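One structure below.
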Amino acid sequence: MSVTSIRPLTLAGLLALGLTVTGCAGYREGRGYIIDPQLSQAVSVGTDNKASVEKTLGRPTFTGQFNDNEWYYVSRTTSTYAFRAPKVIRQDVLRIRFDAAGNVTAVDRTGKEQIASIDPYNKTTPTLGRRKSFFEEFFGNIGSVGGVGTGAGGAGAPGQ
């Protein structure tokens with residue numbers, strides 16, 4: 001083997017190794033509203049109203065589902081490694097509540113401690129009734145479609 005034939009193989013090997021390593025690299029991702037601490041501190045109870053909050057912070061990420069007088073500004077940073085589910089690194093929620101006249105009554109800040117983890121029960125939904133085996137499910141309807149007296153066009157159907 002000569003030196004010139006080893007270099008392309010080495011280069012190809014290093015390229016393959018580099019692609020493999022970078023394919024498993026993790027990454028961070030930011031989503032939602034970018035909360036500016038100075039602007040969010042500027043919103044004060046009793047002084048601001050909906051119009052001034054909207055001018056200062058912009059439109060909220062979402063409003064309350066049952067009460068339009070609650071505005072939420074949500075920011076979340078996640079980290080993902082390869083094909084795993086993303087993990088929440090940081091979450092900031094700014095909730096601003098208004099009275100009926102539209103004036104600010106409360107400004108609350110929370111973090112990722114408010115995240116609820118919901119774990120499904122065995123990843124199946126329990127149901128009532130009889131459990132059938134694979135073969136009962138597969139072969140259970142043989143002979144029942146188009147049979148005599150079923151009215152599905154069988155020999156005993158009326159009008160034949």
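Where a number appears in this text, it was derived from the coordinates with a stated rule and is not lab data. Note that the coordinates shown come from a computational prediction; the quantities given were computed from them, not determined experimentally. Cβ sites come from the backbone with ideal geometry, for glycine too, and all protein chains shown count toward neighbours.
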Let me check I've understood the local charge: for I89, count other residues with C-beta under 14 angstrom from its C-beta, Lys and Arg +1, Asp and Glu -1. What total comes out? +4
Points 7 angstrom from Cα along the Cβ direction at T56 and D108: gap in nanometres? 1.9 nm
What distance in nm separates the two pseudo spin-label positions at R130 and F83, each 7 Å out from Cα along the beta-carbon direction? 4.0 nm
Amide H neighbours of N49 under 5 Å, counting only residues 5+ apart in sequence or on other chains, H built in-plane at 1.01 Å? V104
What does the extension gain come out to for S144 and D99, with contour length at 0.36 nm per residue minus their alpha carbon separation? 9.7 nm
For T110, the net charge from surrounding residues (Cβ-Cβ under 14 Å; K, R +1; D, E -1) works out to +2
